[in-house]
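**Student:** Following this message is one structure expressed as structure tokens.
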Amino acid sequence: MPEHSQYAAAAHVPLIKSPSLRVPRPVELPPDIHPLPDSISPYFVYPFTLEPHILTMESARRNTLAAHAARRDAYLQSREEEKTQRKREALRRIAPGFEPQGAPLVPTKRDSANLGQGQGLWPAGSPVGSHEGGADASRPRSAIEDLVDQLEALDAASSSRRS
């Protein structure tokens, strides 16, 4: 080895063989081993007999996924609609007739024919309106309306006794 080589210093180091190390035995191959073929491409032939089975399984999987996605979208949309409906109902309890995206509330004039028939200034379905039996049945009555009706009944009963 030349002196200017990077391994020049290692050339003079003595090597000591460890007694625990031994040379492995050579590998002996069995006489009946199957040799590798020259080409392995004949082993990779695609079996077209599986094609219809795979295609039907894949289409069924896609249909199932589409059905699940549609059901999930419908559920999410119904939840969103339910939230907006609850919000609208809460706003309508505060301000009847209020629509967030609708036109602004505009007061309407009442015709004089209805005023002469004992309707008063308020519409029949309004909370301030008439407290006779003609109140709106679809809307639940409040405790104040019930109290006013009871007081009117007591007042009517006491005035009929005096007369």
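**Student:** At a 10 angstrom cut-off on C-beta neighbours, averaged per residue, how do the peptides 14-24, 59-69 rank from highest to lowest? All intermediate terms of the calculation are to be shown ahead of the outcome.
**Tutor:** Numbers: 14-24: 5.6, 59-69: 10.0.
With the highest mean Cβ count within 10 Å placed first, the list reads 59-69, 14-24.
**Student:** Which GluC sites (Glu not before Pro) in the stretch 1-90 sit in a loop by DSSP (not H, G, I, E or B) and have at most 14 other Cβ atoms within 10 Å of their own Cβ? Each step should come with its number before you reach the end.
**Tutor:** Values: sites: 3, 28, 58, 80, 81, 82, 89; in loops: 3, 28.
Qualifying residues, ordered by number: 3, 28.
**Student:** Computed over the Cα atoms of the stretch 1-94, what is the ratio Rg over Rh, Rh following Kirkwood? Intermediate results must be reported in sequence, preceding the final value.
**Tutor:** Details: Rg = 37.9 Å, Rh = 24.1 Å.
Ratio of gyration radius to Kirkwood radius: 1.57.
Rule-based calculations on the coordinates, nothing more; no lab input. As the structure is a computational prediction, the values presented were derived from the model and not from experiment. We place every Cβ from the backbone using ideal geometry, glycine too, and count neighbours over all the protein chains shown.
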